[in-house]
1. Could you please tell me which pairs satisfy a Cβ distance under 8 Å, a separation of 6+ or placement on different chains, a first residue in the range 91-116 that is without any contact (Cβ under 8 Å) to a residue 40 or more places away in the chain, and a second residue that is small (Gly, Ala, Ser) and surrounded by 18 or more Cβ atoms within 10 Å (Cβ to Cβ)?
2. What is the number of the single condition among (1) crowded, with 21+ Cβ neighbours inside 10 Å; (2) modelled with pLDDT under 95; (3) outside any helix (DSSP H, G or I) that residue 102 does not meet?
3. With a cut-off of at least 2 residues that are within 23 Å of residue 130 (Cβ to Cβ) and not hydrophobic (A, V, I, L, M, F, W, C), name the helices (runs of 4 or more DSSP H) lying wholly within the range 1-84.
4. Here are some conditions: (1) loosely packed, with under 15 Cβ neighbours inside 10 Å; (2) under 24 Å from residue 37 (Cα atoms); (3) of a type outside the set (Ser, Thr, Tyr). Residue 124 meets all but one. Which one does it not meet?
5. If you scan the range 157-174, which residues turn out to be of a type in the set (A, V, I, L, M, F, W, C) and either more than 22 Å from residue 145 (Cβ to Cβ) or assigned to a loop (DSSP other than H, G, I, E, B) (or both)?
6. Report, by residue number, each residue of the range 142-159 that is farther than 14 Å from residue 125 by Cβ and either loosely packed, with under 12 Cβ neighbours inside 10 Å or polar (S, T, N, Q) (or both).
7. From 60, 75, 119, which residue is touching an Asp or Glu at 6+ places or on another chain (Cβ under 6 Å) and of a type outside the set (A, V, I, L, M)?
8. Could you please find all residues in the range 116-132 being closer than 18 Å to residue 181 by Cα and among the acidic types (Asp, Glu)?
Amino acid sequence: MIGTYDFCAHYEWTFAWLEKQFGKEFLLSFFDEAIHRDSQLKAKNLITELGFEGMKEYWGHTLDKEGAEYTWRMGPDYFRMDMHDCPSKGFLMRNELEQHADYCDHCMGWIGPLMKEAGFSIDHQHNHRGQCWWVFSADGEDPPSVALESDENDVRRRKDWDDDNTPVDTFFRANGIPDKKNQTE
């Protein structure tokens, strides 16, 4: 597996270039086709076949290998993940390599369509500073309240979660970037 630091700057630069050259819709297609339908086939297969257990297996392995600081919990009807320090976004910020206006969108860009295909929808927020939370539950159903309740691992409890300089992007019952709502809306 290629490490985060080997690809994230090129990945992020590519997002900015594709959007500038071909527009936002093309970039959204790239997220779906090149990431969801090609490079993340292992995730797609695990999640489609095993549901929440597949999510646990995929992200447990991948995020550990990338050196992410995250927590997860799950129940019979949800999977929740809190990212406290995304190694990819963190690398870009530390090295002042931010080229794309919303690098964090690429996650929803491939995970959203994958989850829709697998029969799940997403509640998610990211703060553009390498922190986010995700709740996956059956499509068409509200997530159980226990999945949305705060606990000691909730990334939103961090003092640096919210500041006045960056918006928090919000997705509720979502399966793609067009479902985004900014905190200020």
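1. 93/130
2. That leaves (1) as the condition not met.
3. Values: elements: 4-22, 24-30, 41-50, 52-66.
In the range 1-84, 4-22, 52-66 are the helices (runs of 4 or more DSSP H) which contain 2 or more residues that are within 23 Å of residue 130 (Cβ to Cβ) and not hydrophobic (A, V, I, L, M, F, W, C).
4. Tallying (1) loosely packed, with under 15 Cβ neighbours inside 10 Å; (2) under 24 Å from residue 37 (Cα atoms); (3) of a type outside the set (Ser, Thr, Tyr), residue 124 fails exactly one: (1).
5. Going through the range 157-174, the residues of a type in the set (A, V, I, L, M, F, W, C) turn out to be 161, 168, 171-172, 174.
If the condition is that a residue be of a type in the set (A, V, I, L, M, F, W, C) and either more than 22 Å from residue 145 (Cβ to Cβ) or assigned to a loop (DSSP other than H, G, I, E, B) (or both), then 161, 168 are the ones that fit.
6. Going through the range 142-159, the residues farther than 14 Å from residue 125 by Cβ turn out to be 142, 144-146, 149, 151-153, 159.
Result: 145, 149, 151, 152, 153, 159.
7. Details: 60 fails: touching an Asp or Glu at 6+ places or on another chain (Cβ under 6 Å); 75 fails: touching an Asp or Glu at 6+ places or on another chain (Cβ under 6 Å).
The unique qualifying residue is 119.
8. Once the filter is applied, which keeps residues that are closer than 18 Å to residue 181 by Cα and among the acidic types (Asp, Glu), the range 116-132 yields only 123.
The values are calculated or read from the model by the stated rules, or taken from the named source; none is laboratory data. Predicted model, so just to flag it, every value in this text is computed and none were measured. When we count neighbours, we look across all protein chains shown, and the Cβ atoms used for this are built from the backbone with ideal geometry, even at glycine.
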